[in-house]
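Chemist: One structure, as structure tokens, below. Some questions next.
Values quoted throughout were computed directly from the atomic coordinates according to the rules given, and no laboratory measurement underlies them. Everything quoted here is computed from the prediction, not taken from an experiment. Here Cβ is always computed from backbone atoms with ideal geometry, including for glycine, and neighbour counts include all displayed protein chains.
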Amino acid sequence: MNLAIKPIKIKQPKISIPKIKSPKIKGFEFSISKEGRVRIPAKRKKQVYEKYKHTCAYHRCKEKRILDIHHKNMKAHDNRLANLELLCPTHHRKRHEEKYRKVVGRDMFTGKVRKKLVKKKPKTKVKRKTKKRRTNPYAPIISNSWLKV
């Protein structure tokens, strides 16, 4: 009696799964980065650089070497040209730390472009509950009654 176990070869079926492409919507181009953010299209980046003449948009800053594109309304998916701003890393950080943000809009009646500063909502701090101090139950009770003579 031969009880040797023979290995069995199983052939895996060849299945081709088509790659899912992002939907192409007319007039709306987007691609998603590894972090899950909507990328700014190369055309739009070029428009932003040309709009700000390859310099930082912050008042009196003339940085030209290292520049970031900043979303004015702090929404990463809003890649309109009016919402994008070219800033150096120092002023980019400053914009995120400011208590005010710039809002650009058009007046309904005159059609003029209006810029205004809006106060950002303060970040809520989590208050920790402090424990009440307990008095020592074994400490002697002191009262004024024993002082009377």
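Chemist: With a 10 Å radius around each residue's Cβ, average the other Cβ atoms per peptide and rank 65-71, 105-111, highest first.
Modeler: Details: 65-71: 14.7, 105-111: 8.3.
Final packing ranking: 65-71, 105-111.
Chemist: If you count, for each residue, the other Cβ atoms within 10 Å and average over each peptide, how do 81-94, 47-60 line up from highest to lowest?
Modeler: Numbers: 81-94: 16.5, 47-60: 14.1.
Packing order, densest peptide first, comes out as 81-94, 47-60.
Chemist: Would you grab the residues whose amide H sits under 5 Å from the one on H70? Only those 5+ places off in sequence or on another chain, please, with H modelled 1.01 Å from N.
Modeler: E85, L86, L87
Chemist: Additional query: For C56, what residues show an amide H to amide H distance below 5 Å, using hydrogens built from the backbone and excluding near sequence neighbours?
Modeler: Here E63 satisfy the definition.
Chemist: For the pairs K53/K112; K94/K125; K46/K94; K72/K112, flag any whose C-alpha to C-alpha distance is greater than 31 Å.
Modeler: Details: K53/K112 24 Å; K94/K125 21 Å; K46/K94 24 Å; K72/K112 19 Å.
Over 31 Å apart, Cα to Cα: no pair at all.
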